[in-house]
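FYI, it's all coordinate maths here, none of it is from the lab. Values in this document were obtained by computation on a predicted structure and should not be read as measured data. Methodologically, a virtual Cβ is constructed for each residue, glycine included, from the backbone with ideal geometry; neighbour enumeration extends over all protein chains shown.
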């Protein structure tokens with residue numbers, strides 16, 4: 001069975017920008033995996049760090065169950081996601097255990113360091129999937145088949161310097177939106193916290209507004225998630241786009257983005 005693994009920073013990040021794509025892949029017969037690197041321990045204005053860890057772990061497991069995804073436990077606390085070799089070894093172990101052909105992760109440019117460090121860890125760990133001389137922690141067998149990394153849209157659809165990030169492709173999430181919404185709603189502790197800390201107003205409505213904004217950019221889908229595909233060198237023998245192959249009519253390449261890449265290379 002083909003396998004896709006979402007590697008994101010905090011509990012609820014997957015639901016905001018990647019759960020619809022996971023659900024679409026699952027409907028196509030793919031095995032899907034769910035990993036938040038952080039416990040989310042800082043995400044509360046009322047609970048202690050210890051209680052917040054417990055609450056958010058339970059919420060993450062509940063969300064993964066709603067999605068029908070294999071849950072992988074977090075590895076550290078908020079603001080402690082760092083790019084170093086020991087951490088790469090731990091993420092590599094999860095990728096090898098999942099035998100992932102698709103790795104979904106954060107944008108390389110995002111509004112906070114946890115997201116960007118998670119992106120770097122996911123990319124480097126995926127790069128090692130076929131390297132027997134790079135030992136994962138715990139040790140896991142390597143695998144030889146191709147891996148493709150896709151980067152999600154950042155929050156606000158822009159980089160930290162306020163420049164717009166344009167998707168390279170779009171996944172239609174309308175058919176799975178209700179399940180995506182239910183998975184996000186499982187993170188009940190986050191509604192009040194995000195209202196206080198980030199002024200997100202309605203937690204669920206914010207996700208829906210982002211889905212509609214990306215759908216509008218697609219000029220085709222009412223609700224969508226956007227992706228940028230990582231360079232294939234070191235990950236696959238040739239340039240491939242397995243999301244396109246798997247999702248068919250529910251996937252749309254952004255032709256303007258592709259033209260801009262070719263223009264930049266010329």
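Computed extension length for residue 205-residue 28: 61.0 nm, one decimal, from 0.36 nm per residue of separation with the Cα-Cα distance subtracted. Ranked by how many other Cβ atoms sit within 10 Å of their own Cβ, fewest first, the residues 219, 180, 51 fall in the order 219, 51, 180. Starting from the 7 Å offset along Cα-to-Cβ, what nm value, one decimal, do you get for the label separation of residue 48 and residue 143? Label at residue 48, label at residue 143, 4.1 nm between them. DSSP finds beta bridges in the chain, and of those with both partners inside it, around 40 percent are antiparallel. With r defined as the distance between the Cβ atoms of residue 109 and residue 174 and R0 fixed at 45 Å, what FRET efficiency is calculated, to the nearest 0.05? Step by step, r from the Cβ atoms, then E = 0.95. For the range 26-43 versus the range 73-111, the spacing of their alpha-carbon centroids is 11 Å.
Taking 136, 206, 101 in turn, the Gaussian network model of the chain (Cα-Cα springs below 10 Å) assigns the largest fluctuation to 206. The helix-based estimate of mean residue ellipticity at 222 nm for the chain, built from -39,500 (n - 2.57) per DSSP H run of four or more residues and divided by its residue count, is -13000 deg cm²/dmol to the nearest 500.
Counting neighbouring Cβ atoms within 10 Å and putting the fewest first, the residues 262, 26 line up as 262, 26. The simple Förster model, with R0 at 22 Å and r as the Cβ-Cβ distance, assigns residue 163 and residue 257 a FRET efficiency of 0.90.
Here the chain has an Rg and Dmax of 17.4, 55 Å, counting Cα atoms alone.
Label separation (residue 83 vs residue 236): 2.3 nm, computed from points 7 Å beyond Cα along the C-beta direction.
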